[in-house]
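Below is one structure, written out as structure tokens; comments come after it.
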Amino acid sequence: MIRFEVIASALTEWDLLEKLKDVYENPHLNLYMGYVVDMETGEVFPGNLRLNKGKYEVFKVVAD
């Protein structure tokens, strides 16, 4: 079964980005082209950006 697992959500992209920095313990993160990216190294972190019911969310797809 495939499901979406929300990593973080917030009402604004800025708040979402601040939550992601805490989740991944990385102050250099930014949202770029719908992905979570370390702007210093170029590393792409798990998760895709979406707008869901008025909230911004970063989620990953999980297969059980």
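Per residue, what volume in Å³ does the Cα convex hull of the chain take up?
80 Å³
Which cross-chain or sequence-distant (5 or more) residues have an amide H under 5 Å from the amide H of Tyr24, H modelled 1.01 Å from N in plane?
Those qualifying (amide H under 5 Å, at least 5 residues apart or on another chain) number zero.
With a 1.4 Å probe and every protein chain kept in, tell me what percent of the accessible surface of the chain is carbon plus sulfur.
With neighbouring chains kept in place, the figure for the chain is 55 percent.
Arg3 to Asp15: extension gain in nm, 0.36 nm per residue of separation minus the Cα-Cα distance?
Contour length minus Cα-Cα distance gives 1.9 nm.
How much accessible area per residue does the chain have, in Å², with a 1.4 Å probe?
Heavy-atom accessible area per residue stands at 70 Å².
Step through the residues of region 16-28 one at a time and calculate ³J(HN,Hα) from phi using the Karplus curve (6.51 cos²θ - 1.76 cosθ + 1.60, θ = phi - 60°), rounding each to whole Hz and writing x for Gly and Pro.
Calculated HN-Hα couplings, in order: 4, 4, 4, 5, 5, 4, 6, 4, 8, 6, 9, x, 9 Hz.
So if a site counts as exposed when it's one of the GluC sites (Glu not before Pro), its DSSP state isn't H, G, I, E or B, and it has at most 16 other Cβ atoms within 10 Å, what's the longest stretch of the chain without one?
The segment 1-24 is the longest one with no such site.
When the chain is fully extended, how far beyond the present Cα-Cα distance does Arg50 get from Tyr32, taking 0.36 nm per residue of separation?
5.2 nm
In debye to the nearest 20, how big a dipole does the chain give about its Cα centre with +1 on each Lys and Arg Cβ and -1 on each Asp and Glu Cβ?
360 debye
Looking at the chain, which trypsin sites (Lys or Arg not before Pro) are in a loop (DSSP not H, G, I, E or B) and have at most 15 other Cβ atoms within 10 Å?
Lys53
The values are calculated or read from the model by the stated rules, or taken from the named source; none is laboratory data. Note that this is a predicted model, so its numbers are computed, not measured. Quick reminder, even Gly has a Cβ in these numbers, built from the backbone with ideal geometry, and neighbours come from all protein chains shown. Surface areas here come from the heavy atoms of the whole protein model, side chains and all, with no ligands, DNA or RNA. Shrake-Rupley method; radii C 1.70, N 1.55, O 1.52, S 1.80 Å.
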